Amino acid sequence: MVVEELKTVLFMTSRDEFSLDIGLFDLGLTSLRLSEVKLALEQKLECAILRPLY
């Protein structure tokens with residue numbers, strides 16, 4: 001589900017390969033786009049995704 005949401009904001013199709021070896025910012029994701037992914041996942045999962053406390 002996470003990979004599919006990331007592909008969506010990167011304008012990739014479901015057939016495009018998504019490399020798990022590359023950092024998100026190296027893929028061209030910005031903090032705004034990652035916020036969009038988080039929001040979409042929260043809506044689909046019907047729960048809040050919290051940041052870890054360090």
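Only the coordinates and a few stated rules stand behind these numbers; no lab work does. Quantities reported herein were computed from a predicted structural model and do not represent experimental measurements. Note that we place each Cβ from the backbone using ideal geometry, even for glycine, and neighbour counts take in every protein chain shown.
A few remarks follow.
- Under the combined filter of DSSP loop state and at most 15 neighbouring Cβ atoms within 10 Å, the chain retains these trypsin sites (Lys or Arg not before Pro): R15.
- Ratio Rg/Rh, restricted to the chain and using Cα atoms, in which Rh is the Kirkwood radius: 0.98
- Region 11-52: chymotrypsin sites (Phe, Trp or Tyr not before Pro) in DSSP coil with no more than 11 other Cβ atoms inside 10 Å: F11, F25
- The GluC sites (Glu not before Pro) of the chain meeting both criteria, a DSSP state outside H, G, I, E and B (loop) and at most 13 other C-beta atoms within 10 angstrom of the site's C-beta, are E17, E46.
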